[in-house]
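Below is one structure; the comments refer to it alone.
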Amino acid sequence: MELTAGHVWIMVSAALVLLMTPGLAFFYGGMTRAKAALNMMMMSFISIGMVGVIWVLWGYSMTSGDGFLQMVGSPFANFGLEGIDSPDGLITVGFGATFAIITVALISGAIADRAKFGAWTVFVPVWVTLVYCPLAYMVWGGGLFSTEGAVGAALGEAIDFAGGTVVHINAGVAALILVFIVGNRRGFGKDPNHRPHNIPFVMLGAAILWFGWFGFNGGAASTAEQGGLIWVNTLAAPAAAMLGWLVTERIRDGHPTSLGAASGVVAGLVAITPACANVSPIGALGLGVVAGVASALAVGLKFRWGFDDSLDVVGVHLVSGIIGTVALGFIALPEEGAGGGLFYGGGMTQMWAQLAAAGIAIAYSAILTTIIALAIHKTMGFRVSQEQETVGVDLSLHAETAYEFGVGGHGGSFQPLHDMITGKTQADAAQASDAATGAQKTESATGKESVGA
């Protein structure tokens, strides 16, 4: 089969979406403390590795084909991608994998600085298998929310072009559940060192995310007209959201911030994701402003309500994801066979469909994530020890540091990594070992323990 321009566009889009996860690593890595930056980035990178393997083996199979109770496809129908040998099929597999990867990576920001890396590597494959794949099938694979599905037939088909429910609401709910189970960081709301350590990294990550999002939203465009609308909307909504966030900061705090600009961009991208092909550019601008203001206000609630959503996954992805999904009930453009949103004379039909999709996605993700996270937390434990958190998860879990300036300890002398982890020098350790050996020799020679040793 000849490689067409459509095939090339989907492959390029898939590459753009895959780049978003390293971009997320920079975005999240810069928002953490310096002693947790590598661990935060590793949580994104390990998601690429694990989900990439799972998607080939059984993940994709669970999102397509004949489903069980309209909720999930069989993991064995195309296990190892057996039987999928057409160019269209394999290209679709690759494109879908990148969405699964970044969805689970998004969750990690809520538990920055305090989660066991081993526990995360267990959570990722289980959550993708039991939560992401079924929800992707319900929305995109012909399941509950499709025209043939039970919910879709009763209330109308919900619109989720690129992942408002499957990606952002899903990840945001899972993040909130993990925050409650893992608990707050030591000094949450009091320790000023919890502030982002590298704002340029944050802005670089936001730039990469925005760049990749044109593939995220536009990869499934079926016509040039639709592709153009998606491109403009993916520009307009984040731009408006950034301005909305900055104005909110200026009024509330007295100054706009670089972190606010980057976060506003992401909030707008999240909000336009489900609606990118179904709202006008003016609608995208309005949606962006609402999302930017709402998320800017929402991220402050964690301090008032006392839950440590470290990197604002709940405030940005859950809040803006719900806004983008529900807003379609108001501003969805009329299409052939569909009346559009309330503002276009379509009545409440689309609104009920959007509310049902958001509500079921929230409930499903919350219940399954609670079961998975509690099982891990009660067995191997999801949280590092107090000592590991104080030292920093980079050193305690990975024996690495993000920044090495060549000196440490006292007097400007170089402090080896071993010393930073154990809190004592290798020379001290060797001296203690020699002393113990000498004591053993003295005891052997005299028949009793030497007082001097």
Exposed-site-free run, longest, the chain (rule: trypsin sites (Lys or Arg not before Pro); DSSP loop; at most 12 other C-beta within 10 Å): 191-423
Cβ charges +1 (Lys, Arg) and -1 (Asp, Glu), total dipole of the chain, debye: 1280
Residues of segment 97-113 with amide N under 14 Å of a point placed 7 Å along Cα→Cβ from Ile84: 97-101
Approximate spin-label separation Glu336-Val232, in nm, with each point projected 7 Å along Cα-to-Cβ: 2.1
Set of segment 216-234 residues, backbone N closer than 11 Å to the point 7 Å along the Cα-Cβ line of Ala5: 224-225
FRET efficiency, Asp66 to Ala154 (Cβ-Cβ, R0 30 Å, nearest 0.05): 0.90
Segment 263-338 versus segment 2-20: alpha-carbon centroid distance in Å: 26
Per-residue SASA entry for Ile48, accessible area with 1.4 Å probe, Å² rounded to 10: 40
Separation between Cα centres of segment 162-200 and segment 45-108, rounded to whole Å: 26
Length gained when the stretch Ala363-Thr121 is fully extended (0.36 nm per residue, less Cα-Cα span): 84.7 nm
Rg(Cα) / (2.2 N^0.38 Å) computed for the chain, rounded to two decimals: 1.12
Exposure ranking of Phe145, Phe303, Phe117 by accessible area [1.4 Å probe, largest first]: Phe303, Phe117, Phe145
Pairs of Lys in the chain closer than 27 Å at Cα, counting only those 8 or more apart or on different chains: 12
Heavy-atom accessible area per residue - the chain, 1.4 Å, Å²: 43
Highest to lowest packing among 210-217, 234-241, scored as the average C-beta count within 10 Å: 234-241, 210-217
Selection from Ala100, Val182, Thr165 lying farthest towards where the dipole of segment 91-220 points positive, charges on Cβ: Val182
Solvent-accessible surface (1.4 angstrom probe) belonging to Leu81, in square angstrom, nearest 10: 30
Sites Tyr403 and Arg195, calculated FRET efficiency, Cβ-Cβ separation with R0 25 Å, nearest 0.05: 0.95
Span-rule helices in the chain, defined as complete DSSP H runs reaching 24 Å or more along the axis (Cα) with Kyte mean at least -1.0: 5-31, 37-54, 87-107, 199-218, 224-253, 281-298, 349-379, 426-446
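The values are calculated or read from the model by the stated rules, or taken from the named source; none is laboratory data. Note that this is a predicted model, so its numbers are computed, not measured. Here Cβ is always computed from backbone atoms with ideal geometry, including for glycine, and neighbour counts include all displayed protein chains. With ligands, DNA and RNA removed, areas are computed over all heavy atoms of the protein, side chains included. Shrake-Rupley method; radii C 1.70, N 1.55, O 1.52, S 1.80 Å.
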